[in-house]
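The values are calculated or read from the model by the stated rules, or taken from the named source; none is laboratory data. Worth saying up front: this structure is predicted, and the values here are computed from it rather than measured. Cβ placement follows ideal geometry from the backbone for every residue including glycine, while neighbour counts extend to all protein chains displayed. Just so you know, the surface numbers come from the protein's heavy atoms only, side chains and all, with ligands and any DNA or RNA stripped out. Shrake-Rupley method; radii C 1.70, N 1.55, O 1.52, S 1.80 Å.
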Amino acid sequence: MKLLAFAASSSTRSINKRLVTYAASLLPEADVEIIDLNDYEMPLFSEDREREDGYPEAAYAFLKKIAASDALIISFAEHNASYTVAYKNILDWCSRIDRNVFMDKPVVMLSASQSRRGGSRVLETAVNTASGFAGRVTAHMSFPRFRDNFDFDSNRLIDPDLDTRLKEAVLSLL
């Protein structure tokens, strides 16, 4: 299985990147590729820019990564109860090229934050809109108070219940 994983964040210190990297490691038999949204920067989407300049090469490259995968794990950072601008911009550009951005691939959606809600609002939005972009969400899970539940030295979850639930979520991709 070819697994594509990324954090829907542009932060170089993203806890969601830590989470998605750990989650992907739970499928050791998979051929895992972890990408960084910073490698897919493009101008802010606008219909005027689309009409004048066409589609950015980075949007095609992002869609190519999805097409080459069998499944995805995405961990969403929450900014003001919504997607990060970096992720939303990529989604906007890619969906103009092909509305079926996730290409009917199975997807595990995660979110981590320091709050008690664990990014649950952005995760709810992502799960509820995935089918509109041809995503088949097999599992979803938010991680509250992430720094209290993740060991940054060993790169693993500390809470055994959260760890078991994450393993079950990731195994839903098989």
Förster radius 35 Å - calculated FRET efficiency between ASP31 and ARG165 (Cβ-Cβ, nearest 0.05)
0.90
Computing the accessible area with a 1.4 Å probe over protein heavy atoms, can you report the carbon and sulfur percentage for the chain?
45
Run the paramagnetic zone check for MET103: 7 angstrom along Cα to Cβ, then residues of region 57-77 with backbone nitrogen under 17 Å.
57-74
Kirkwood-Stokes translational diffusion coefficient of region 55-144, alpha-carbon pairs, 4 °C, 1.567 mPa s, µm²/s
98
Report the label-to-label distance for GLU47 and THR129 in nanometres (one decimal), using points 7 Å from each Cα along the Cα→Cβ vector.
1.8
Return one number: the angle in degrees, 0 to 90 and rounded to the nearest 10, between the long axis of the Cα atoms of helix 85-97 and the longest principal axis of the Cα atoms of the chain.
50
Compute the acute angle (0 to 90°) between the alpha-carbon long axis of helix 120-130 and the principal axis of greatest extent of the alpha-carbon atoms of the chain; round to the nearest 10°.
50
Under 5 Å from the placed amide H of VAL32, counting only residues 5+ away or on other chains, we find LEU3
Viscosity 1.306 mPa s, temperature 10 °C: what is the translational diffusion coefficient of the chain from Stokes-Einstein with a Kirkwood Rh over Cα pairs, rounded to a whole number of µm²/s?
98
Output the antiparallel fraction of DSSP beta bridges having both residues in the chain, as a percent to the nearest 5.
10
How charged is the neighbourhood of HIS79? Take every other residue with its Cβ under 12 Å from the Cβ of HIS79, and add Lys/Arg as +1 and Asp/Glu as -1.
+1
Less than 12 Å Cβ to Cβ from ARG49, Lys/Arg counted +1 and Asp/Glu -1: what total charge do the surrounding residues give?
-4
Does anyone have the angle between helix 15-25 and the longest principal axis of the chain? Alpha-carbon axes, 0 to 90°, nearest 10?
80
At q = 0.20, 0.22, 0.27 Å⁻¹, what base-10 log of I(q)/I(0) does the Debye formula yield for region 41-105 when every alpha carbon is treated as an equal point scatterer in vacuo?
-0.85, -0.99, -1.25
If you restrict to DSSP beta bridges whose two residues both lie in region 82-163, what percentage is antiparallel, to the nearest 5?
20
How many nm separate the modelled label positions at ARG117 and SER11, each set 7 Å beyond the Cα in the direction of the Cβ?
1.6
With the other protein chains left in place, how much accessible area per residue, in square angstrom, belongs to region 35-160 at a 1.4 angstrom probe?
50
Taking the Cβ of ALA134 as the center, what net charge do the other residues with Cβ under 11 Å away carry, scoring Lys and Arg +1 and Asp and Glu -1?
+1
